[in-house]
There are 2 protein chains.
Amino acid sequence: MKLDKRLEDDCHLLGHTEVGLLLLHRNASLPWFILVPDTAETCLYRLGDSERLAAQAVWNRLAQWVHARFDSERVNMAAIGNVVAQLHLHAIGRRQDDPLWPSVAWGQLLPDATWHQDELERLRSELVGASLLVQSAPL
Amino acid sequence: MKLDKRLEDDCHLLGHTEVGLLLLHRNASLPWFILVPDTAETCLYRLGDSERLAAQAVWNRLAQWVHARFDSERVNMAAIGNVVAQLHLHAIGRRQDDPLWPSVAWGQLLPDATWHQDELERLRSELVGASLLVQSAPL
């Protein structure tokens, strides 16, 4: 599947889920995951039922995993698409001690922070272990 | 069910859906609908499967309806809850000519605009017709 240039620039590719690609925002200030279902449809609510339910099931398991993995107080889940049309589903772990709380993350300036290569590898490995990734991105 | 004070203050009550209350943000700059499932759980991804699927089905039909009714280009769907803990699901119709495009609506200042009583009544009636409301709020 073809990934939107903006998503490709802004995110690390973690690998393939059952329904499409899993990305991680390059800014490590927040655990900001983005699921990109493999579809040409741009609106979640216009997917056919089986495609939508499959995407929501993975999105939901992703949010549960983010909550536990990052000791999040909330996971913000959203399908927005005002800037990037390609369908993509956010799952962003939030805590009261994060740099943006309680603001939403979209459109805000985040403090500089990067994921280290070993952190990315550990996340990929854990996501495979949690059956969220069916195929990890190449090293 | 008991509605959070902040939601009650910020929104008109439109009525009851199959899964909980349907609200409309008092600011009429955007068609900003909020579905409040009848549950004590605060995170969408922690609902039991049947409750979650039922809530997502109504949310999805709501987004389809908003898209068609307001000739929206996108409907922004989100479960955030950083400010109001009670589970609530946004469905916000967005257009390139709306006052906030392409910014997200949360945390932004909206231009003053109010829904008139007759518009609220028409929306309630249409939502009943679309089987989204099972019971309209009292006049």
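Taking the conditions exactly as written (surrounded by 13 or more Cβ atoms within 10 Å (Cβ to Cβ), facing another protein chain (nearest Cβ under 9 Å) and in contact with a strand residue (DSSP E or B) (Cβ under 8 Å, 6 or more places away or on another chain)), does residue A:51 satisfy them or not?
Values: surrounded by 13 or more Cβ atoms within 10 Å (Cβ to Cβ): yes; facing another protein chain (nearest Cβ under 9 Å): no; in contact with a strand residue (DSSP E or B) (Cβ under 8 Å, 6 or more places away or on another chain): yes.
It is false that residue A:51 is surrounded by 13 or more Cβ atoms within 10 Å (Cβ to Cβ), facing another protein chain (nearest Cβ under 9 Å) and in contact with a strand residue (DSSP E or B) (Cβ under 8 Å, 6 or more places away or on another chain).
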Just to be sure I understand, how many residues within segment B:86-116 are in contact (Cβ under 8 Å) with a residue 12 or more places away in the chain, of a type in the set (Phe, Trp, Tyr) and under 27 Å from residue A:109 (Cβ atoms)? 1
Within segment A:93-100, is there a residue that is within 26 Å of residue B:102 (Cβ to Cβ), open to solvent by 20 Å² or more (accessible area, probe 1.4 Å) and among the polar types (S, T, N, Q)? no
Out of (1) open to solvent by 10 Å² or more (accessible area, probe 1.4 Å); (2) out of contact with any Asp or Glu (no Cβ under 6 Å at 6 or more places or on another chain), the odd one out for residue A:14 is which? (1)
Given the conditions (1) at positive phi; (2) in contact (Cβ under 8 Å) with a residue 24 or more places away in the chain, report the number of the one that residue A:59 does not fulfil. (1)
Quick check: anything in segment B:61-75 over 11 Å from the mean Cα position of the chain (by Cα), within 17 Å of residue A:60 (Cα to Cα) and among the aliphatic types (A, V, I, L, M)? no
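The values are calculated or read from the model by the stated rules, or taken from the named source; none is laboratory data. Please read these numbers as outputs of a predicted model, since none were measured by experiment. A quick note on method: Cβ atoms are made from the backbone with ideal geometry, for glycine too, and the neighbour counts reach across all protein chains shown. SASA here: full protein model, heavy atoms, side chains in, ligands and nucleic acids out. Shrake-Rupley method; radii C 1.70, N 1.55, O 1.52, S 1.80 Å.
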